[in-house]
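Note sheet for the following structure.
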Amino acid sequence: MRAFTETLTFEAQKSPEFIDITDRVVEALVRSQVKDGFVVVFSKHTTAAIKINENEPLLLQDMANFLERVAAKDAYYGHNDFAIRTVHMHEDECPNGHAHCQHLMLGTSETVPVVGGRLSFGQWQRIFLVELDIPRRREVVVQILGT
């Protein structure tokens with residue numbers, strides 16, 4: 001059994017943003033030399049998710065619209081009320097309650113089987129880092145286990 005772990009960095013430009021990270025994950029898989037096993041792709045952030053979906057522009061806009069309907073940026077969030085919030089505050093705190101709530105719908109990681117040295121994807125499946133907050137640097141851990 002072989003274990004390989006790599007942290008990838010990405011620069012988000014907007015919110016929401018669906019960043020197709022599939023090719024970078026495939027590059028890590030090649031470096032791992034694992035032929036059969038699985039890949040876990042994990043976001044180190046509570047306002048940036050990992051999801052598998054199709055990279056089709058109109059669908060990506062539909063998904064962004066869906067996230068806004070689920071947890072609108074301009075809705076009230078106690079997390080954003082800095083007059084009453086006292087936990088986990090820092091100097092450059094921004095109002096991002098919507099991003100945390102949207103993250104609940106998406107999640108932190110995805111697991112993909114590796115068969116014959118390739119991700120065992122369906123025809124249109126791609127891996128996305130989904131930025132839900134302000135543009136910033138994001139880290140994604142790719143861990144590959146197998147033989």
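No value in this document is a laboratory result; all are computed from the given coordinates. Quick caveat: nothing in here was measured; it's all calculated off a predicted structure. Here Cβ is always computed from backbone atoms with ideal geometry, including for glycine, and neighbour counts include all displayed protein chains.
A Förster distance of 30 Å, applied to the separation of the beta-carbon atoms of A75 and V115, puts the FRET efficiency at 0.10.
Label positions at L59 and D36, each projected 7 Å from the Cα along the C-beta direction, are separated by 3.0 nm. In a DSSP loop and with at most 15 other Cβ atoms within 10 Å, the chymotrypsin sites (Phe, Trp or Tyr not before Pro) in the range 5-87 are Y76, F82. For the range 2-146, the average shadow cast by the Cα convex hull is 9.3 nm², which is a quarter of the hull's surface. Could you work out how far the C-alpha centroid of the range 90-126 sits from that of the range 23-89, in angstrom? Using only Cα atoms, the two centres lie 4 Å from each other. Local charge for E56 was computed over the other residues whose Cβ lies under 12 Å away, with Lys and Arg +1 and Asp and Glu -1, and equals -2. Model label points for M89 and A3, set 7 angstrom from Cα along the Cα-to-Cβ axis, are 4.0 nm apart.
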